[in-house]
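Notes follow the structure.
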Amino acid sequence: MTTTALALTKVRNIGIMAHIDAGKTTTAERILFYTGVSHRIGEVHDGDTALDFTKQERDRGITITSAATTCRWTVEDAAGGEHTINLIDTPGHVDFTIEVERCLRVLDGAVAVFDGVAGVEPQSETVWRQADRYGVPRICFVNKLDRAGADFARCVEMIRERLGAVPLVVQLPIGTEAGFEGVVDLVSGRAHVWPEGRHAVVDVPSGMAEDVRRWRGRLIEAVAEHDEEVMALYVGGAEPSQERLHAAIRRLTVASAATPVLCGSAFRNKGVEPLLDAVVRYLPSPLDAAPQVGDAPEAALEEAPLSALAFKIMSDRHLGRLTFVRIYTGRLAAGASVFNSVKERKERIGKVYRVHADRREEIASAGAGDIVAVMGLKQTTTGETLCDAAHPVVLESMDFPDPVIEVAIEPRSKADRERLSTAIQRLSEEDPSFQVHDEDGQTVIGGMGELHLEILVDRMREVFDVEANVGRPRVAYRETIRAAVERVELTHRKQSGGKGQFAKVLISVEPIEDGYEFVNRVTGGRIPKEFIPSVDAGCQDAMSTGVLAGYEMTGVRVTLLDGDFHPVDSSELAFRIAGSLAFGEAVRRASPVLLEPVMTVEATAPEEHLGAVIGDLNARRGRIEGTGERAGARVVHALVPLSEMFGYVGHLRGMTSGRGVFTMQFAAYAEVPASVARTLVPG
Ligand code: GDP
């Protein structure tokens, strides 16, 4: 067992983000290989990579569960030698944007991988905007330059135009497509090539001297524009030194003012070592990302009381519960007692591990800036803060969007029902973005998309041995009201021999944007204070089952105006029932309507299929927002109700001879048209 005290300036907590298929997994895999974590190169298409380690991921060839893994990298000419890189694998599928957000929250920097042929794809834009929101500094890696149709310069333009980023081109490709050999580092003016798979640093090929001069000039100009020091040199006609340029690029990157752009082919093992150099050189350390604390920020962070965020929980059939934690301040030690400030509960840290893909190294403790996995936490779930009980803090928690799609699960036996309830409890700790409710005795789980639910169900079967009949995925409709209704009076009275029930309430309801609000206007003790929360609870009970078709309600404000009570017969229960009944009555009169999730759809297809794709989206009640062009194909932007999008993948492929692709994301809830609503509302 080792005690690790990492020099914070030598730590990089980074993620790799990308559109699915851009090569994120391959790039991560190569990083692990070159840093010595894995000893052979696993290929994604063999379903055998170190980072994608759950079975569903292997089967599907995509990354879903974010795993944290630690590796080390030394840059020869950079100060400080060996650096520790904690690599967080972020999922690429849009159904899992919530996982992406969760990862971004704990990263100090990221590598955005792009497909050198397709360029900036819709999902890359989504993830990029999320990273903007969290202020995560980024390096771009234009991958797949060995593929036919790869175009580095076009990708750089797309990064500028589509993402609104300030690209700093720090590398030029040597050759392209089948002739792609390596990259020129514009800062050092040296070429990196891989003859027979071995990395070599050589002179720039003579034919490229002019290109290199021109692009280096552009790089210096771009840096000078944002950096006084380099500007002064530039104006004076002097060349900035390599160190000065590195430092200036780092400052701009750390401040998210610009993003260095590199290139390569992860698959052909070209460009990965210089990418690792760039991670160390340009991306921030935890210290850069932390608010400055006096003169000795590093010591201060380490000596401060513990604050850490649990950002990922994985349950393993053999090992049980493993919690991935980002430590912001202080130290986290094996055996220590910590305080969960969200649940207000003490927890004991069992073992602390540094995780190297699927291998774990037990350590005694870890300090500020680090990312480790912890065993032994029982109550803590994703997004919660662990801290020192004497200095409680709550780190900013995460918001989870509502699930838009759901599926009913019916366990086969009584034992399956028990296993299902364990599975649900464990899985919801891992993934707070799915929800569960009971509907006519059936268990219904809601999630972010078809694939999300499919994976949850797979995990229930495989990890928890749940045998169950699973219904077809269906849309999570909602209900809301369109009108305000004033002063609905309701008296709940029940006389049954002994103690009766009595509660009287007077409420108003009105539409609000979304969610639920409760306002109490009762004065003079007309309803005793202790019963007010019961009325609120009753209204919330009624919110969960709408009056039209039993869907959950949203967008209602209730105002409790007045009421009455009985000194003997009034109770919490009586007021809860009265609240619920009054709410139902008021909502029935407030023009209730059904809402459905509407999705932003981007379908890409060759020109000759454009008409068919648009016609089909129209037939799906879609509203075409516009069309554009991307990488030689046409893109259709549309808003389409989710209920019309089931099975669209296959349909689009059929219409476009297999060449169409699409992405879909939740946009908003919108009113279901009356003609459609008739088929959904019973009676
Ligand atoms: P992810 O979905 O972003 O994780 O992408 P993967 O790493 O799974 O890669 C998707 C596919 O592209 C796989 O079949 C890879 O073998 C392939 N691929 C990845 N990088 C490259 C590359 O640099 N060149 C070529 N030609 N193929 C690549």
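List of remarks:
- Lone unmet requirement of (1) within 16 Å of the ligand (Cβ to nearest atom); (2) open to solvent by 20 Å² or more (accessible area, probe 1.4 Å); (3) at pLDDT below 85 for Glu101: (1)
Yes/no matrix, rows are residues, columns are (1) part of a helix (DSSP H, G or I); (2) under 30 Å from Glu510 (Cα atoms); (3) under 34 Å from the mean Cα position of the chain (by Cα):
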| residue | (1), (2), (3) |
| --- | --- |
| Glu585 | yes, yes, no |
| Ala590 | no, yes, no |
| Leu595 | no, yes, yes |
| Val598 | no, yes, yes |
| Glu602 | no, no, yes |
| Val613 | yes, no, yes |
| Asn618 | yes, no, yes |
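- The stretch 464-475, residues that are out of contact with any Pro (no Cβ under 6 Å at 6 or more places or on another chain) and not basic (Lys, Arg): Phe464, Asp465, Val466, Glu467, Asn469, Val470, Gly471, Pro473, Val475
- The one condition in (1) open to solvent by 10 Å² or more (accessible area, probe 1.4 Å); (2) within 16 Å of the ligand (Cβ to nearest atom); (3) assigned to a loop (DSSP other than H, G, I, E, B); (4) modelled with pLDDT under 70 that Ser66 fails to fulfil: (1)
- Only a single item in (1) in a loop (DSSP other than H, G, I, E, B); (2) within 16 Å of the ligand (Cβ to nearest atom); (3) open to solvent by less than 30 Å² (accessible area, probe 1.4 Å); (4) modelled with pLDDT under 60 is not met by Ala22, and it is number (4).
- If only residues of the stretch 469-485 that are in a loop (DSSP other than H, G, I, E, B) and either free of Cβ contacts under 8 Å to residues at least 12 places away in the same chain or open to solvent by 20 Å² or more (accessible area, probe 1.4 Å) (or both) are counted, the one that is farthest from Met448 (Cα to Cα) is Ala484.
- Arg281 more than 15 Å from the ligand (Cβ to nearest atom) and either out of contact with any Phe, Trp or Tyr (no Cβ under 7 Å at 6 or more places or on another chain) or modelled with pLDDT of 85 or more (or both): yes
- Any chance Val509 is in contact with a strand residue (DSSP E or B) (Cβ under 7 Å, 6 or more places away or on another chain), within 24 Å of Ala476 (Cα to Cα) and in a strand (DSSP E or B): yes
- Among residues of the stretch 284-307, those that are over 28 Å from Arg30 (Cβ atoms) and modelled with pLDDT of 90 or more, counted: 3
- Exactly one residue out of Val488, Val466 is open to solvent by less than 10 Å² (accessible area, probe 1.4 Å) and over 30 Å from Leu322 (Cβ atoms): that is Val488.
- Filter result for Ala153 (on the phi < 0 side of the Ramachandran plot, surrounded by fewer than 23 Cβ atoms within 10 Å (Cβ to Cβ), more than 12 Å from the ligand (Cβ to nearest atom) and modelled with pLDDT of 90 or more): yes
- Within the stretch 554-583, the residues that satisfy the criterion of being in a helix (DSSP H, G or I), under 14 Å from Gln540 (Cα atoms) and open to solvent by less than 10 Å² (accessible area, probe 1.4 Å) are Phe575, Ala578, Gly579, Ala582, Phe583.
- Remark: pairs (first residue in the stretch 270-283, over 18 Å from Trp194 (Cα atoms); second residue part of a helix (DSSP H, G or I) and open to solvent by 10 Å² or more (accessible area, probe 1.4 Å); Cβ separation under 8 Å; 6+ apart in sequence or on different chains) = Arg281/His246; Arg281/Arg250; Tyr282/His246; Tyr282/Arg250; Tyr282/Val254; Leu283/Val254.
- Residue check, Arg634 part of a loop (DSSP other than H, G, I, E, B), in contact with a helix residue (DSSP H, G or I) (Cβ under 8 Å, 6 or more places away or on another chain) and without any contact (Cβ under 8 Å) to a residue 60 or more places away in the chain: no
- Considering the stretch 178-201, the residues that are among the acidic types (Asp, Glu) and buried (at least 16 other Cβ atoms within 10 Å of the Cβ) include one that is farthest from the ligand (Cβ to nearest atom), namely Asp185.
- Scanning the stretch 404-430 for residues that are at pLDDT below 80 and open to solvent by less than 20 Å² (accessible area, probe 1.4 Å) yields one hit, Glu430.
- Looking across Ile174, Ile159, one residue alone is free of Cβ contacts under 8 Å to residues at least 60 places away in the same chain, buried (at least 16 other Cβ atoms within 10 Å of the Cβ), closer than 28 Å to Pro240 by Cα and among the β-branched types (Val, Ile, Thr). It is Ile174.
- Among the criteria (1) touching a residue at least 40 places away in the same chain (Cβ under 8 Å); (2) in a helix (DSSP H, G or I); (3) more than 16 Å from the ligand (Cβ to nearest atom), the one Ala257 does not fulfil is (2).
- Strands (runs of 3 or more DSSP E) wholly inside the stretch 169-224 containing at least 1 residues that are modelled with pLDDT of 95 or more and in contact with a Pro (Cβ under 8 Å, 6 or more places away or on another chain): 171-174, 182-185, 190-193
- For Gly42: the one exception among (1) more than 10 Å from the ligand (Cβ to nearest atom); (2) modelled with pLDDT under 80; (3) open to solvent by 50 Å² or more (accessible area, probe 1.4 Å): (3)
- Of the residues making up the stretch 264-278, those that are in a loop (DSSP other than H, G, I, E, B), open to solvent by less than 10 Å² (accessible area, probe 1.4 Å) and within 8 Å of the ligand (Cβ to nearest atom) are Gly264, Ala266.
The values are calculated or read from the model by the stated rules, or taken from the named source; none is laboratory data. Quantities reported herein were computed from a predicted structural model and do not represent experimental measurements. Cβ coordinates were reconstructed from backbone atoms using ideal geometry, including for glycine residues, and neighbour counts include every protein chain displayed. For the accessible areas, the whole protein counts, side chains as well, though only heavy atoms, and no ligand, DNA or RNA atoms are used. Shrake-Rupley method; radii C 1.70, N 1.55, O 1.52, S 1.80 Å.
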